[in-house]
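The values are calculated or read from the model by the stated rules, or taken from the named source; none is laboratory data. Since this is a predicted model, take the numbers as computed values, not measurements. So basically every Cβ, Gly included, is an ideal-geometry build from the backbone, and we count neighbours across all protein chains shown. Heads up: the accessible areas ignore ligands, DNA and RNA and are worked out on the full protein's heavy atoms, side chains in. Shrake-Rupley method; radii C 1.70, N 1.55, O 1.52, S 1.80 Å.
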Amino acid sequence: MDIIFLHDFKAKTLIGVYPWERIVPQTIRIDLEIALPTSRACQTDNIDDALDYALIVGRINEILTNQHFSLLEALAEHIAHTILTEFHSPWVKVSVAKLGILRGVKRLGVRIERSSINKQ
């Protein structure tokens, strides 16, 4: 399986269950591993046969701007579903973490894996 990755993507978004979290943007970190639908790009060296990283980042920014999630789990699930359906990936691993939200904890978060074969 050929996999592209995107690590240490940081963005501010409204996320959380507490009232203050609905008005104060928090910095989150997203890490992705995305299975390529095919390995054609390896042979052709053509962007038309590859996943466009910029489109993926743009789509995630759109999600973070336009939607509010209470839980990191729900955000990770939404991102995974988007990658599987809109970018036709057969498998994705998504990690989403809040940064510096608890004293003494650098980051806390969730990591999920999903596949288009057995949607969970």
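In percent, what relative contact order does the range 53-107 have, based on Cα pairs under 8 Å that are 6 or more apart in sequence?
Contact order relative to length: 23 percent.
In summary, the aspartates and glutamates within cross-link reach of Lys12, defined as a Cα separation below 15 angstrom excluding same-chain residues under 8 places away, comprise Glu21, Asp31, Glu62. Charging the Cβ of each Asp and Glu at -1 and of each Lys and Arg at +1, and nothing else, the dipole of the chain about its Cα centre rounds to 740 debye. Accessible surface calculations at 1.4 Å, restricted to protein heavy atoms, place the chain at 61 Å² per residue. Model label sites at Asp8 and Leu99, defined 7 Å from Cα along the beta-carbon direction, differ in position by 1.0 nm. The relative contact order of the chain, computed from alpha carbon pairs under 8 Å that lie at least 6 residues apart in sequence, is 26 percent.
Which net charge results when you count Lys and Arg as +1 and Asp and Glu as -1 among the other residues whose beta-carbon is under 10 Å from that of Ile79? Please list the in-between numbers first.
On the way: positive: Arg59, Arg114; negative: Glu77.
Taking every other residue near Ile79 into account, the sum is +1.
Computed over protein heavy atoms with a 1.4 Å probe, the carbon and sulfur contribution to the accessible area of the chain reaches 54%. Working ranking of peptides 77-87, 105-115 by packing, defined as the average number of other Cβ atoms within 10 Å per residue, highest first, is 77-87, 105-115. Principal semi-axes of the equivalent ellipsoid, √(5λ) from the alpha carbon gyration tensor of the range 1-90, are 30, 12, 10 Å from largest down. Between Pro25, Pro37, Pro90, the residue with the greatest mean-square fluctuation in the GNM of the chain (Cα pairs under 10 Å linked by springs) is Pro25.
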